[in-house]
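The values are calculated or read from the model by the stated rules, or taken from the named source; none is laboratory data. Note that the structure is predicted; figures quoted are calculated from it, not measured. We place every Cβ from the backbone using ideal geometry, glycine too, and count neighbours over all the protein chains shown. For the accessible areas, the whole protein counts, side chains as well, though only heavy atoms, and no ligand, DNA or RNA atoms are used. Shrake-Rupley method; radii C 1.70, N 1.55, O 1.52, S 1.80 Å.
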Amino acid sequence: MNKKLDKFLASDKRPEGTMTLPEVYGYLFTVCCSPEPVDTAEWVGVVFNGEDPCYKSDEKKQKIETALLEVFAEVEAQVQANRPQLPDWIEVLQPPVENFGDAALLAFWADGFFDGIDWLEDVWNSCLDEEAEEVWNTAVKTLAYFSHRERARELCDEVGDTLISKEHLTETRLAGFANAMATFARMGRTLAQANTNARPYVREVKLGRNDPCFCGSGKKYKKCCMGL
């Protein structure tokens, strides 16, 4: 854990709504899995709830932004290697229901994850067909299950789930957490690759010797720029 970054984010000098370090990890997991590239300045801005982070100097700004980029690189490397995982300092509590608590780091990771889902919802919706959306929703409901966010609770406590006891459902969600992370990351990578492949291919146009030159001189290509 980067303790200096953790302390900076948790300071009461930061804007209201600034993410904690566990939230940043959960949030950046969604950013790294996005089917579309996300601009660095945009995702950094969301960490601070779109407000001025109140850096005391340019040097401090550089250090904090470098630390955030290091977290991004850490999470991105795991996603690309198909080995996404929680940071080792996020302890998964037992019994599983303890992970809903205000001091449970997994709950804050899930808060950040859900904030990222909420922010990138339109990107995902534009890429998912009906079958893929069902798989995606299942993964999201598992990864956001311990979140404090009201919308996350509404999503994860749908009617169908109430047929199962909360204790059993909580155990099931926790047991499937690692698999849900892998599924979510794999879907993001697959969709990102598909989007890259779908970009229009521009065919190279070759001029014939007797075609008008591309420079606009009015001369034939062979008499103008062909030999350049």
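Apolar share of the accessible surface for region 40-169: 48 percent from carbon plus sulfur atoms, 1.4 Å probe.
The slack in the chain from residue 66 to residue 36, taken as 0.36 nm per residue of separation less the alpha-carbon distance, amounts to 8.5 nm. Percent of C-alpha pairs per 10 Å bin in region 1-129, short distances first: 12, 43, 34, 10, 1.
Ranking 192, 87, 147 by Cα position along the charge dipole of region 61-193, where only Lys, Arg, Asp and Glu carry charges on their C-beta atoms, puts 87 farthest toward the positive end.
In terms of overall dimensions, region 82-156 has a Cα radius of gyration and Dmax of 13.2, 38 angstrom.
For region 26-88, the solvent-accessible area of protein heavy atoms averages 55 Å² per residue (probe radius 1.4 Å; ligands and nucleic acids excluded). Of the chymotrypsin sites (Phe, Trp or Tyr not before Pro) in region 21-121, the ones in a loop by DSSP (not H, G, I, E or B) with at most 11 other beta carbons within 10 Å are 89. For the pair residue 192 and residue 98, the difference between a 0.36 nm per residue extended length and the Cα-Cα distance amounts to 30.3 nm. Under 17 Å from a label point set 7 Å out along the Cα-to-Cβ vector of residue 55, the amide N atoms of region 21-49 belong to 40-49. Every pair of different Cα atoms in region 50-190 enters the Kirkwood calculation, which places the hydrodynamic radius at 16.7 Å.
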